[in-house]
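The values are calculated or read from the model by the stated rules, or taken from the named source; none is laboratory data. Small disclaimer: the values here were computed from a predicted structure and weren't measured. Glycine also receives a Cβ, built like all others from the backbone with ideal geometry; neighbour counts cover every protein chain displayed.
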Amino acid sequence: MNQNKFIQLITNALTDFKKSKVRTILTSLGIMIGVLSVVLLIALGLGLKNYLSDQFESLGANIVIILPGNVFNKEAGPGGNFGRGFAGGAQFESLGANIVIILPGNVFNKEAGPGGNFGRGFAGGAHFDEKDYLALKKIPEADYVVPGFTKSGVTIEYRKAKRLGTIMGTNTQAPKLFNFKIESGKFFTESDIDRRSKKVALGWDLANNLFADRPETALNKTIKAGDERLQVIGVIEKRGDPEIDQGVFIPYTTTFGSLNPDKTFFNFALGTIDKENVEALKTAAKATLLKRYDDEDFTVTEQTEILSTVNQVFTIVNAILVAIGSISLIVGGIGIMNIMYAAVTERTKEVGIRRAIGATQKDILWQFLTEALVLSFLGGLVGLLLAGAIVLIVRNFFPAEINLVAVLIALSVSSGIGIFFGVFPANRAAKLPPIEAIRYE
Amino acid sequence: MRQPIIELSKVSKTYYLGETKVKAVDNVSLKIMPNEYLSILGSSGSGKSTLMYLIGLLESATFGKIYLNGQDISRMSDDKLSSLRNQTIGFVFQSFNLLNKLTVLENVMLPAAYLKSKANFDVKAKTMDLLNRFGLKDRQNFYPNKISGGQQQRVAIARALILNPKIILADEPTGNLDSRTGPEILKLIEDLRREFKTTIVMVTHEKDIAKRAQKRVYIKDGRVVKKYL
């Protein structure tokens, strides 16, 4: 079949559709919705995955954690609670430090598959304490050892203003390791840690919200976190990361009271200035912790490992989403097949006439196949445009991305479905005995 | 001796209607010469239409052979048969069989869409020529259901003629027309035969119409009989 003939077939199909607009729209609707849902699901899945990857890259890895519950905490913004844990806005590259993260539980249990132990690890793993911290500090390769105690959803009060914040008990190395700057005031010092002084640095958003859009006025004010009265000595620059921007950074020793009665740490972040030392640091950290815990009870990992695991998890999640979306595509395809079968019956006479004046079986087959193809392609195109429009709107409050691959897949799959489900009715039309077709009334 | 354009040799056609075997055409032998005007006369259900469709390559014989220009059509592929229908045979039906979603002009040009190679003449010009001649020029952009029966049949005849067929097969061409238009259409077909040297096979149940042909074949219960009724 030459190009002109194919164009002619498409033109004929479009002419036919023009004469039955409502039916054409209804027929394509199935495919349209199918493509819409597949593209949207891909866009949302991909957007979320990329968003998390970005977060990991900027945050540092110990924040990894897929915690149960409120993933899309409104206050924290999208993905806010993913980073529960603590590590500030680390930009390792600019710092030149290489960070190793120690988490409770064996998160990367190989037998459980990717992501298998996420959650379980944290729930069932070790509760680190100050002994571990001191032991880790003795590792020669550990240029930084930053303990992390995190308590989120704590009501922070200043006079009448109340906001939810995250208590982050840590040490003085945190700003340097995670590369965040103090916008006004200062961070607490070693002596604050020694004296368990109640001095804190606030995340920018928290300071801004508590102090009526003038975060710099927070300095030297006393805020209330639970039962504790804390003095603000610094405000951290805005990082764009809800976790840090809502944080209350406090000497870890100070938390050893009403905030952290068990005197535990959620995690440790270890840094080494020389990249070559990362493996040695990991080995040493493991050896140190194995003296107290089982292999199952903690995880020593790097940002890249966690990132790749998260990517793996999301690849699977996306595949599942696409599979679910595909069901509607198949339903749409069956809709097309159904209508095409009806159309073949309805147009039996036409088939007979065309056969009588010289159409071959192939001509008839192509005529109906082209119609199915054009129907599903158009449906796919409209679905795609709608998905694009929805993504543009959704982007304002949820990460979503449409990529070229998704677009091409959607269009080729919808056309493919048109061909697949169009073949059967088209074949029936082609095989109609001409004489019966022409006598059909 | 001249070769018949169509030859049927002991042709039978059997249908099954459920369990019942129906012999629509029974052992018919027939020779149709080029430019001949043949009528097939028979009552309703006599098998005359089946016979015409066998001649028109729309139907294959259960037994016997059909030759078109000396060639055995039973060995031909669907593509070949379609191509022969396209270029050698023009059909005129009782119920016109135009496509209502196409205009008069598009209907007449439709057979050219199924040519396997480009036509060696200007199809559009020929269409206009035929429409002009049949007094349908001002109807070219009308849809068939918006014109009269006589006009529709003239469109169908124009469609049958567009690719210069050797044979016109007409199945009760006046059956749906009134007593004034019917004879006009018959005359048109007969004039075309003289002008284009086509062979005409006309199926009818009306003696008066059959009489107009050079040669008549009477069909009863699927068999050729000597005398009609």
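One table, with the values for the structure above:
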item	result
Some residue of region A:368-379 being within 14 Å of chain B (Cβ to nearest Cβ) and under 30 Å from B:Glu59 (Cβ atoms)	yes
Condition check for A:Arg229: of a type in the set (Lys, Arg), in a strand (DSSP E or B) and either without any contact (Cβ under 8 Å) to a residue 60 or more places away in the chain or closer than 21 Å to A:Thr172 by Cα (or both)	yes
Residue within region A:312-325 that is within 14 Å of chain B (Cβ to nearest Cβ) and either crowded, with 19+ Cβ neighbours inside 10 Å or within 25 Å of B:Asp79 (Cβ to Cβ) (or both) present	no
Filtered residues of region A:192-217 (kept if touching a helix residue (DSSP H, G or I) at 6+ places or on another chain (Cβ under 9 Å) and without any contact (Cβ under 8 Å) to a residue 40 or more places away in the chain)	A:Arg195, A:Ala207, A:Asn208, A:Arg214, A:Pro215, A:Glu216, A:Thr217
Filter result for the condition that a residue is more than 9 Å from every other protein chain (Cβ to nearest Cβ) and within 19 Å of the chain's Cα centre (by Cα), over B:Gly90, B:Gly47, B:Gly64, B:Gly56	B:Gly47
Criterion violated by A:Arg395 - all others in (1) more than 14 Å from chain B (Cβ to nearest Cβ); (2) closer than 26 Å to A:Val331 by Cα; (3) of a type in the set (Lys, Arg) satisfied	(2)
Failed item in (1) at pLDDT below 80; (2) closer than 30 Å to A:Phe268 by Cα, with A:Met1 passing the rest	(2)
Candidates B:Gly222, B:Gly149, filtered to the one that is over 17 Å from the mean Cα position of the chain (by Cα), of a type in the set (Gly, Ala, Ser), more than 14 Å from chain A (Cβ to nearest Cβ) and under 27 Å from B:Leu30 (Cβ atoms)	B:Gly222
All helices (runs of 4 or more DSSP H) inside region A:172-220 with 3 or more residues being modelled with pLDDT of 90 or more and closer than 17 Å to A:Asp241 by Cα	A:204-210
Filter pass, B:Gly64 being at pLDDT 90 or above, under 26 Å from B:Glu190 (Cβ atoms) and touching a strand residue (DSSP E or B) at 6+ places or on another chain (Cβ under 8 Å)	no
Selection within region B:12-26 - of a type outside the set (Val, Ile, Thr) and within 16 Å of B:Gly42 (Cα to Cα)	B:Lys23, B:Ala24, B:Asp26
Enumeration of residues in region A:344-367 that are among the basic types (Lys, Arg) and either within 8 Å of another protein chain (Cβ to nearest Cβ) or in contact with a strand residue (DSSP E or B) (Cβ under 8 Å, 6 or more places away or on another chain) (or both)	A:Lys349, A:Arg354, A:Arg355, A:Lys362
Residue ID - farthest from B:Leu105 (Cα to Cα), chosen from residues in region B:134-143 that are of a type outside the set (Asp, Glu) and surrounded by fewer than 14 Cβ atoms within 10 Å (Cβ to Cβ)	B:Gly135
Region B:183-217, subset in contact with a helix residue (DSSP H, G or I) (Cβ under 6 Å, 6 or more places away or on another chain) and either among the charged types (D, E, K, R) or assigned to a helix (DSSP H, G or I) (or both), residue surrounded by the most Cβ atoms within 10 Å (Cβ to Cβ)	B:Ile185
For A:Asn81: the one exception among (1) farther than 16 Å from A:Ser376 by Cα; (2) at pLDDT 50 or above; (3) not hydroxyl-bearing (Ser, Thr, Tyr); (4) not in a loop (DSSP other than H, G, I, E, B)	(2)
All positions within region B:92-133 that are touching a Ser or Thr at 6+ places or on another chain (Cβ under 7 Å) and on the phi > 0 side of the Ramachandran plot	none
Pair list, Cβ under 7 Å, 6 or more apart: region B:17-44 residue without any contact (Cβ under 8 Å) to a residue 40 or more places away in the chain, other residue in a strand (DSSP E or B) and aromatic (Phe, Trp, Tyr)	B:Val22/B:Tyr15
Region B:93-120, residues that are within 11 Å of chain A (Cβ to nearest Cβ), farther than 20 Å from A:Lys349 by Cβ and either touching a residue at least 12 places away in the same chain (Cβ under 8 Å) or aliphatic (A, V, I, L, M) (or both)	B:Ala112, B:Leu115, B:Lys116
